[in-house]
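Reviewing the structure listed below.
The values are calculated or read from the model by the stated rules, or taken from the named source; none is laboratory data. All of these numbers come straight from a predicted model, not from anything done at the bench. Cβ placement follows ideal geometry from the backbone for every residue including glycine, while neighbour counts extend to all protein chains displayed.
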Amino acid sequence: MMRAETVRVSIRLTAEQYRLLKLLVDAGAYSSMSDALREAVVRLVRDYAPLLRHAYT
């Protein structure tokens with residue numbers, strides 16, 4: 001299976017957002033902060049899929 005091309009993105013989080021994200025990783029919910037953020041993007045895109053389809057059709 002081929003891996004999708006990736007792009008590096010920098011974001012700014014509040015200290016509280018960072019702390020909570022780190023807690024999720026430290027608790028084992030995600031293997032890294034990058035994995036947690038990727039999952040968040042997947043969910044966001046999935047949740048807005050109807051809007052995205054409408055905007056680009």
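List of remarks:
- Among the conditions (1) surrounded by 10 or more Cβ atoms within 10 Å (Cβ to Cβ); (2) outside any helix (DSSP H, G or I), residue 41 misses just one, which is (2).
- Pairs, first more than 17 Å from residue 6 (Cα to Cα) in region 29-50, second assigned to a helix (DSSP H, G or I) and hydrophobic (A, V, I, L, M, F, W, C), C-beta under 6 Å, six or more apart: 30/24; 30/36
- Sole exception among (1) surrounded by fewer than 10 Cβ atoms within 10 Å (Cβ to Cβ); (2) of a type in the set (D, E, K, R); (3) part of a helix (DSSP H, G or I) for residue 19, by number: (1)
- Any hit, region 23-36, residues being modelled with pLDDT of 95 or more, in a helix (DSSP H, G or I) and among the charged types (D, E, K, R): yes
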